[in-house]
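Worksheet: the structure to be examined is printed underneath.
The values are calculated or read from the model by the stated rules, or taken from the named source; none is laboratory data. Remember, predicted model here, so these are calculated numbers, not experimental data. Note that we place each Cβ from the backbone using ideal geometry, even for glycine, and neighbour counts take in every protein chain shown. To get the accessible areas, we keep the full protein, side chains included, count just its heavy atoms, and leave off ligands, DNA and RNA. Shrake-Rupley method; radii C 1.70, N 1.55, O 1.52, S 1.80 Å.
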Amino acid sequence: MSFKVITSVSDMQQYSKECLRRGNIIGLVPTMGFLHEGHLSLIDKSKEKADIIIVSIFVNPTQFAPTEDFSKYPRDLDRDIELLKSKEVDVLFLPDANEIYPDNFNTFVKVKEVTERYEGEFRPTHFEGVTTIVSILFNCVKPNIAVFGRKDAQQAFVIEKMVQDLKMDIKIIVSPIIRENDGLAMSSRNIYLNANERNDALVLKNSLDLAKKLIELNEYNASVLIFEMERLFLAVPSASLDYIAIVNKENFNTVDKLKKDNTYYILVACKIGSTRLIDNLEISL
Ligand code: AMP
C-alpha cells in the first residue's frame with residue numbers, strides 16, 4: 001500500500017473503518033513529530049503486531065503549560081514525511097488543531113492520583129492534556145494496538161491506566177528507550193541544547209548508571225541511592241534537578257527500600273540550562 005497523509009478526522013475514521021472491515025490490525029504510534037530513532041523504533045515495534053501502521057503527528061497544545069515550549073517546539077514535517085516513507089508507514093495522521101480543539105471544545109479525560117506525582121507535580125496540567133489527546137486519537141484512528149516509549153514511563157503508565165479504567169479495547173505496548181551513542185536518551189528537545197549543555201545532559205544517564213552500580217553492590221536503600229545521584233547533579237552548574245524518584249513498576253508508588261523479585265523505575269527529571277529533560281532506568285531484582 002502507498003503512503004498517505006490524512007488530515008481530516010472523518011477521512012481518518014473512514015479509512016480505519018475500511019481497514020477493520022477487511023480484517024486488518026491497526027497499529028498507532030502517536031508522536032509530536034521532529035522524528036528521531038526513538039520514534040522509528042516504535043514503528044518497528046508496531047509492525048510486529050499490526051499490519052496497517054498509522055503514525056500521528058500533532059503538537060498537542062493542551063499538554064503544554066503557558067510557560068512551556070509549545071510555540072518553539074521543533075517541527076520539520078518534510079523530513080518527518082521522508083522518514084515515515086522510508087519506514088513504509090501506511091498513513092500519517094496529521095490533524096488540524098482547529099478540528100481537534102474547536103472553540104466550543106469542553107471535554108477532558110483525567111486520570112487521578114498517579115498524575116499528581118513526579119512529572120505531574122512539576123507539570124500539573126500535562127497529563128490531562130495527554131490523556132485527552134490520546135483518547136481523541138484513539139477515536140479517530142480506532143487502533144487495535146498503540147505503541148508508546150518507555151522514555152516517558154509515567155506517561156505510558158497513565159495511558160495504560162486510562163485504557164484499563166475506561167475499558168478501551170486497545171492493547172498498549174511499551175517499547176524500550178533508544179539512546180544516542182554516548183547514552184543520552186533521544187528526545188526532540190535535545191536540539192535545544194548547545195554544545196556545553198549537550199555534554200552536561202549526560203548527567204541524567206550517568207546518575208542512573210551510578211544507581212545501577214550501587215544496587216549491584218547491594219545498596220537497596222532508596223534515600224542513599226537518591227542522595228548519591230543528587231551529588232552528580234550538584235557537580236553540574238547548568239543542571240537544575242526537578243526530581244529523582246524510585247517507584248514500583250506495578251503501581252508507580254515511591255519505595256523506601258528495594259526488595260528482591262520486584263521491578264522498579266528510577267525516574268529523573270532535570271533542566272539543563274532552559275531545556276527540561278527526563279530519563280529513567282528499569283531495575284529488576
Ligand atoms: P513525543 O514525540 O516526544 O511526544 O514522543 C512520541 C512517542 O515516542 C512517545 O511514546 C515517547 O515515549 C516515544 N519516545 C520519545 N523518545 C523516545 C526514545 N528515546 N526511545 C523510545 N521512545 C521514545
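Numbers for the structure displayed
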item: Relative contact order, percent, segment 56-199 [alpha-carbon distance under 8 Å, six or more residues apart]; result: 23
item: Pairwise Cα inverse-distance average, inverted: Kirkwood Rh of segment 14-156 (Å); result: 16.0
item: For segment 50-117: span of alpha carbons on each principal axis (Å, largest first); result: 39, 30, 29
item: Rounded percent of accessible protein surface that carbon and sulfur make up, segment 160-285, 1.4 Å probe; result: 48
item: Using alpha-carbon coordinates, inclination of helix 37-49 to the longest axis of the chain, degrees; result: 60
item: Area of Glu113 that stays accessible when all protein chains are in place (1.4 Å probe, Å², to 10); result: 130
item: For the chain, accessible area per residue (1.4 Å probe, heavy atoms of protein chains only), Å²; result: 49
item: Isotropically averaged projected area of segment 63-222, using the convex hull of Cα atoms (one quarter of hull area), nm²; result: 12.6
item: Relative packing of 197-203, 100-106, 237-243, which averages over residues the other C-beta atoms within 10 Å, highest first; result: 197-203, 237-243, 100-106
item: Estimated D of segment 143-185 in µm² per second, where Rh is the Kirkwood radius over Cα pairs and Stokes-Einstein applies at 10 °C, 1.306 mPa s; result: 141
item: Rounded D (µm²/s) - the chain, Kirkwood Rh over Cα pairs, Stokes-Einstein at 4 °C, 1.567 mPa s; result: 65
item: Per-residue ³J(HN,Hα) for segment 155-163, Karplus 6.51 cos²θ - 1.76 cosθ + 1.60, θ = phi - 60°, Hz, x for Gly and Pro; result: 4, 4, 5, 5, 5, 4, 5, 4, 5
item: Of Met186, Met168, Met12, the one that fluctuates the most in a GNM where the chain has Cα springs shorter than 10 Å; result: Met168
item: Among Lys142, Lys151, Lys110: highest mean-square fluctuation, GNM of the chain, C-alpha pairs under 10 Å; result: Lys110
item: Equivalent-ellipsoid semi-axes of segment 164-212, from the Cα gyration tensor, Å, largest first; result: 31, 15, 9
item: In sequence order, calculated HN-Hα J values of segment 23-34 (Karplus, 6.51, -1.76, 1.60; Hz; x Gly/Pro); result: x, 6, 9, 9, x, 10, 10, x, 9, 10, x, 6
item: Solvent-accessible surface (1.4 angstrom probe) belonging to Glu230, in square angstrom, nearest 10; result: 70
item: DSSP bridge pairs, the chain: antiparallel proportion in percent, nearest 5; result: 55
item: Listed residues Ser187, Ser56, Ser274, most fluctuating in the chain (Gaussian network, C-alpha, under 10 Å); result: Ser274
item: All lysines inside 22 Å of Lys45 as judged from Cα atoms, apart from same-chain residues fewer than 8 positions distant; result: Lys4, Lys85, Lys87, Lys142, Lys151, Lys161, Lys171, Lys249
item: For q = 0.14 Å⁻¹, Debye-computed log10 I/I(0) when each Cα of segment 105-177 counts as one equal scatterer; result: -0.41
item: Note, ³J(HN,Hα) from phi for segment 50-61, Karplus 6.51, -1.76, 1.60, rounded to Hz, x at Gly and Pro; result: 10, 10, 10, 10, 10, 10, 9, 10, 7, 7, 7, x
item: Separation in nanometres of the label points that stand 7 Å from Cα toward Cβ, at Ser284 and Lys213; result: 2.4
item: Helical mean residue ellipticity (222 nm; -39500 (n - 2.57) per DSSP H run of 4+; nearest 500) of the chain; result: -11500 deg cm²/dmol
